[in-house]
Amino acid sequence: MSSWCQRGLPVCKVIEDMRKEERAEGGAETLLRNISALMRSLSVSAEKAMELLDVPVNERDKILKELPVA
């Protein structure tokens, strides 16, 4: 769990909703969309967005290659 969520910030609800959506849809496209949304809305890097979404470290390089270039 990220330190943001440990502090009880409202962004945690949004992140949890994104996780639920990703699991419900079960798709990589949803994950990529959620990472991009966090990057835009929170002004964070792709790496930080993946950390917030608890993306396994061993999958992050692959996902970085699939993210659309802004």
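Annotation: Glu21 carries an accessible surface of approximately 70 Å², with a 1.4 Å probe and no ligand, DNA or RNA atoms counted.
Let me check I've understood the local charge: for Met50, count other residues with C-beta under 9 angstrom from its C-beta, Lys and Arg +1, Asp and Glu -1. What total comes out? Around Met50, the charge tally is -2.
What does the net charge come to around Arg60 if you take all other residues with beta carbon closer than 14 Å to its beta carbon, with K and R at +1 and D and E at -1?
Working: positive: Lys48, Lys62, Lys65; negative: Glu47, Glu51, Asp54, Glu59, Asp61, Glu66.
That works out to -3.
Extending 7 Å from Cα along the Cβ direction at Arg60 and again at Arg19 yields two label points whose distance is 1.7 nm. Residue order by solvent-accessible surface for Lys13, Lys65, Lys20, Lys48 is Lys65, Lys13, Lys20, Lys48, largest first, with ligands and nucleic acids left out and a 1.4 Å probe.
The values are calculated or read from the model by the stated rules, or taken from the named source; none is laboratory data. Model, not experiment: these values are computed from the prediction. All Cβ positions, glycine included, derive from the backbone under ideal geometry; neighbour counts span all protein chains shown. Quick note on the areas: whole protein, heavy atoms, side chains included, nothing else; ligands and nucleic acids left out. Shrake-Rupley method; radii C 1.70, N 1.55, O 1.52, S 1.80 Å.
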